[in-house]
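Report on the following structure.
No lab work stands behind these numbers, since they all come straight from the coordinates. Given the structure is predicted, the values throughout are model-derived calculations rather than measurements. Backbone-built Cβ (ideal geometry, glycine too); neighbour counts: all protein chains shown.
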Amino acid sequence: MVLQVRDISKRYGAVQALQNVRLDLAAGEVTALVGDNGAGKSTLIKVIAGVVAADHGTISFEGRPVRINRPHDAQSLGIATVYQDLALCENLNVVANLFLGAEQHHGGLLRHIHMERTAHELLTSLDVRIPDIRQPVATLSGGQRQSVAIARALLGQPKLVVLDEPTASLGVEQTAQVLALIRRLRERGLAVLLISHNLADVLAVSDRITVLRLGRNAGDYRTDDADQDTIVAAITGARA
Amino acid sequence: MSQRLTIGITPVVAGLAVIAVTFGLLNEHFLAPENLTNLMLQMAATGTISLGIVMVLLLGEIDLSAGSVSGLAAVVMTILSVNRHLPVAAAIALALLTGAAIGTLQGVLFTRLGMPSFVVTLAGLIGWQGLLLYLLGRGGTINLPFTGFVAKLSDTWLPAWLSWSIAALAIVAWSAVTALQRRLRETAGLPVTALWRAAAPIAGVAALLAGTIVLLGADRGVPLLLVLFVSMVVALDLGLRHTVIGQRIFAVGGNPEAARRAGINVNAVRVLAFAACATLAAVGGILAASRLAAVNQSSGGSDILLMAIAAAVIGGASLFGGRGRTYAALLGILVIQSITNGMLLLNVDSSIRFMVTAGVLIVAVAIDSLARKGSPGAAR
Ligand SMILES: Nc1ncnc2c1ncn2[C@@H]1O[C@H](COP(=O)(O)OP(=O)(O)O)[C@@H](O)[C@H]1O
Ligand SMILES: [Mg+2]
C-alpha cells in the first residue's frame, strides 16, 4: 500500500466532517472516492494534502507512519494534488505553467530549451496533444488545461496523485481525453485517488471505489464487482 | 506570447504612423531632424518613469507616487551634490537608493497590511511631494551646474561612428543569439519557426535604427539620453523574459493564487516590483533634472505621472496584469510626446492637447479591455 489512512476524524465546530475514516491506496491502482455533497471527500483529501490537520487518526506512507502537517510535507513524501480550480496562469505558456515555481535555471537565467524539451517529452509520454506548447494556456481547451495541470503534478515524480473532480467542467470528448490520461497514470505505476461526482466516469476508469457518507466509510468495492445501483445505494444510504 | 505582442503592438504603431503623417502635413518642422531630436530628449525622463509603471502594471497594480518619487529623488540628488558637495556618483546612488527604499516601503504596506496599491501610492503621491517641498525650503529652485555630469547627460550627442557601431553590435548580437537558439532548438528536436519570421523583426529593427541614426545625424546626432532610455527598455525586457524573477512577475500578475500554491513568494515578488518602479521613477527624475539643469517645486509634478501611466497603457501594457512588455513604455511615450510636441508646434492650446491625449488613452484602454474580453481565458 502506498497510502494507508486509519481512524481519521475531523470536526468543524458542530459538524463532524470525518469520523474514523479508513482509506487504502495501492500503486498502479485508481481508487475513486465518491459520496454525496458534504460527505467529507474534500476534507479527506485536504488532510492527505496537508491543507487541513486531522483531529486524530494515523497516516502511513509506503508502510511508514508519517505526519503531514503542511502541503510541503505531502509534496516531499510524493503526494501531488490537482485541485478543481487548476491554478494555472492563463497568461503564461504551457511550458512556463508546467515549471511554475520550479523553473530550471542557470544562475537565475531560465533554461528555456531544456524546460521545453522536458515538457515536450512529458506531454508526449502522456499522449497529451497540444499543438504548440509555447502558446498561452488561455488558448487551450478545458481538457487540455486539465491535462497540463495533471502533467505538472507529475514533474515532481510523485507516487500518489490526487485528482479533485477532474472532469467536472468538461464535455464528452474532453472527459474521454482526461480519463485516458488517468489510465496512463495507472500504467506508470502511480497510485491515483480520483474524486468524482460522475459515476459513469468512476465506473469507467477506477479499480476500486470507496464510498463516504456523512463523514463515515459507507462501503469499499472492486469496480469490476460493482454496478451503478449498488454504489448509488451506498452513497444515499438506501440499502438496508 | 509572440502572437500577443503583434496584436498588442499593431494599434500603437498604426497610431504613430497617423500622428507622423498628420503633424508632418500640418507643419513642415514636425519631421525635421531638429524637432525629432527634441522629441527624443523630451520623452526620455517620463518614458523611464513609464517603464517603472509597466513593472507594477504587470502585477495588475498601480503606482500613483511615481511622479512625486521622481521629483523627490532629483531633489535629494541635487541637494547632496550642489549644497552638500558630495561627489555626483554618490549623490546619484543615494537618490536611487531613496527611490528603492520608498518603493520597498510602499510594497510592504501593500502586501503586509493589505492596503490597495492605489491608496498606498496615492498617499505617496501627496506625502513624497510634501517631503520634496520641505527639502527645497524657501529657495524653491536649485540649479545644477551646466558643465556638471548630470546636466551633461542630456547635452551629449554620440558621434556618428559610435552610433553606427552600437547599432551594428546590437544587430549582430541579436542575429547571433537568434541563430544559436535555432541551432539549439533543432538539436533538441524542438520546432523551429520559419527563418523569415525570425529574420523579419531583426531586419525591421535594423532599418529603424539606421533611419534614426541618419535622421538624428542631420542634426546633432543621437542623444545620449535616448541611448540610455532605450538600453533600459531592452535590458528590462530581456530580464523579464529570461530570468526566474521576471517569469514570476508575469506569474503573479496572471494568477497570484496559482503562483502562491506553486511555492512562489508572491509578496516578495510584489515588493520587488514596487521597488523597481520607484527606482526607475528616481532615474526618470534625475534625467528630468538633467534636462532642466535644475530642480524646483514642480519637479515630478503636474502631468508627469498621468503621462507616464497613460504611455504604458497606450503602449499596450494591460491594466489587468500579466500582459505587456517594456516596449509599451517606449511606444506609448513616443505617441504622447509626439502629440504634445506636434500640438505645441501648431500653437494648439494645452486644453486641446489634454483632451486629445485623453481620447488616445481611452482608445488604448478600450483595446485592452476588448482584448481581455475576447481572450478565451477571460472568465477569471
Ligand atoms: N472549512 C470548513 N468549515 C466548516 N465546515 C466545513 C468546512 N469544510 C467543510 N465543512 C463541512 O464538513 C462537511 C464535509 O464537507 P466536504 O469535505 O467539503 O464534503 P464533500 O467534499 O464530500 O462535499 C460538510 O458538512 C461541510 O459543510
Ligand atoms: Mg467537495
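Identify, from the list A:Leu126, A:Leu155, A:Leu163, the residue that is within 16 Å of ligand 2 (Cβ to nearest atom), within 28 Å of A:Asp24 (Cβ to Cβ) and out of contact with any Cys (no Cβ under 8 Å at 6 or more places or on another chain).
Details: A:Leu126 fails: within 16 Å of ligand 2 (Cβ to nearest atom); A:Leu155 fails: within 16 Å of ligand 2 (Cβ to nearest atom).
Testing whether each residue is within 16 Å of ligand 2 (Cβ to nearest atom), within 28 Å of A:Asp24 (Cβ to Cβ) and out of contact with any Cys (no Cβ under 8 Å at 6 or more places or on another chain) leaves just A:Leu163.
For the range B:64-88, which residues satisfy the criterion of being without any contact (Cβ under 8 Å) to a residue 40 or more places away in the chain and touching a helix residue (DSSP H, G or I) at 6+ places or on another chain (Cβ under 9 Å)?
Residues of the range B:64-88 that are without any contact (Cβ under 8 Å) to a residue 40 or more places away in the chain, as a first pass: B:80, B:84-87.
Of everything in the range B:64-88, those that are without any contact (Cβ under 8 Å) to a residue 40 or more places away in the chain and touching a helix residue (DSSP H, G or I) at 6+ places or on another chain (Cβ under 9 Å) turn out to be B:Leu80, B:Arg84, B:Leu86, B:Pro87.
Any idea which of A:Leu98, A:Leu110 is free of Cβ contacts under 8 Å to residues at least 40 places away in the same chain, in contact with a helix residue (DSSP H, G or I) (Cβ under 8 Å, 6 or more places away or on another chain) and more than 16 Å from ligand 1 (Cβ to nearest atom)?
On the way: A:Leu98 fails: free of Cβ contacts under 8 Å to residues at least 40 places away in the same chain.
The unique qualifying residue is A:Leu110.
Looking for whichever is buried (at least 19 other Cβ atoms within 10 Å of the Cβ) and over 25 Å from the mean Cα position of the chain (by Cα) here; the options are B:Ile92, B:Ile142, B:Ile102. Which one fits? Spell out the reasoning first.
Values: B:Ile92 fails: over 25 Å from the mean Cα position of the chain (by Cα); B:Ile102 fails: over 25 Å from the mean Cα position of the chain (by Cα).
So the residue among B:Ile92, B:Ile142, B:Ile102 that is buried (at least 19 other Cβ atoms within 10 Å of the Cβ) and over 25 Å from the mean Cα position of the chain (by Cα) is B:Ile142.
Which of (1) within 14 Å of another protein chain (Cβ to nearest Cβ); (2) in contact (Cβ under 8 Å) with a residue 12 or more places away in the chain is the odd one out, the single condition B:Arg183 does not satisfy?
So the condition that B:Arg183 fails would be (2).
B:Ile126 - would you say it is more than 14 Å from chain A (Cβ to nearest Cβ), under 23 Å from the mean Cα position of the chain (by Cα) and loosely packed, with under 15 Cβ neighbours inside 10 Å? Please lay out each step first, then the result.
Values: more than 14 Å from chain A (Cβ to nearest Cβ): yes; under 23 Å from the mean Cα position of the chain (by Cα): yes; loosely packed, with under 15 Cβ neighbours inside 10 Å: yes.
Considered against the rule, which asks whether it is more than 14 Å from chain A (Cβ to nearest Cβ), under 23 Å from the mean Cα position of the chain (by Cα) and loosely packed, with under 15 Cβ neighbours inside 10 Å, B:Ile126 comes out as yes.
State all residues of the range A:1-55 that are closer than 19 Å to A:Leu77 by Cβ, within 16 Å of ligand 2 (Cβ to nearest atom) and part of a loop (DSSP other than H, G, I, E, B); if no residue qualifies, say none.
A:Val51, A:Val52
Going through the range A:225-235 one residue at a time, which ones are in a helix (DSSP H, G or I) and in contact with a strand residue (DSSP E or B) (Cβ under 8 Å, 6 or more places away or on another chain)?
From the range A:225-235, those in a helix (DSSP H, G or I) are A:225, A:228-235; that's our starting set.
A:Thr230, A:Ile231, A:Ala234, A:Ile235 - these are the residues of the range A:225-235 that are in a helix (DSSP H, G or I) and in contact with a strand residue (DSSP E or B) (Cβ under 8 Å, 6 or more places away or on another chain).
Residues B:Gly211, B:Gly148: which one is under 30 Å from B:Gly103 (Cα atoms), small (Gly, Ala, Ser) and within 27 Å of the chain's Cα centre (by Cα)? Talk me through it step by step, then tell me what you get.
Numbers: B:Gly211 fails: under 30 Å from B:Gly103 (Cα atoms).
Step by step, each of B:Gly211, B:Gly148 is checked, and only B:Gly148 is under 30 Å from B:Gly103 (Cα atoms), small (Gly, Ala, Ser) and within 27 Å of the chain's Cα centre (by Cα).
Looking at B:Ala198, B:Ala170 in this structure, which one is in a helix (DSSP H, G or I), in contact (Cβ under 8 Å) with a residue 12 or more places away in the chain and within 24 Å of the chain's Cα centre (by Cα)?
Being in a helix (DSSP H, G or I), in contact (Cβ under 8 Å) with a residue 12 or more places away in the chain and within 24 Å of the chain's Cα centre (by Cα) holds for just one of B:Ala198, B:Ala170, which is B:Ala170.
Mind listing whichever residues of the range A:24-63 are away from ligand 1 (no atom under 13 Å from the Cβ) and of a type outside the set (Gly, Ala, Ser)?
Answer for the range A:24-63, where residues must be away from ligand 1 (no atom under 13 Å from the Cβ) and of a type outside the set (Gly, Ala, Ser): A:Asp24, A:Leu25, A:Glu29, A:Val30, A:Thr31, A:His56, A:Thr58, A:Ile59, A:Phe61, A:Glu62.
I'm told A:Gln157 meets every condition in (1) more than 12 Å from chain B (Cβ to nearest Cβ); (2) of a type outside the set (D, E, K, R); (3) under 18 Å from A:Arg186 (Cβ atoms); (4) surrounded by 15 or more Cβ atoms within 10 Å (Cβ to Cβ) except one. Can you identify the failing condition by its number?
Every condition holds for A:Gln157 apart from (4).
Out of the residues in the range A:174-224 that are of a type in the set (Lys, Arg) and touching a strand residue (DSSP E or B) at 6+ places or on another chain (Cβ under 7 Å), state the one that is surrounded by the fewest Cβ atoms within 10 Å (Cβ to Cβ).
The first filter runs over the range A:174-224 and keeps only residues of a type in the set (Lys, Arg), leaving A:183-184, A:186, A:188, A:208, A:213, A:216, A:222.
After this cut, where a residue has to be touching a strand residue (DSSP E or B) at 6+ places or on another chain (Cβ under 7 Å) as well, the list is A:186, A:208, A:216, A:222.
On the way: A:Arg186: 18, A:Arg208: 19, A:Arg216: 17, A:Arg222: 10.
For the range A:174-224, the residue satisfying everything is A:Arg222.
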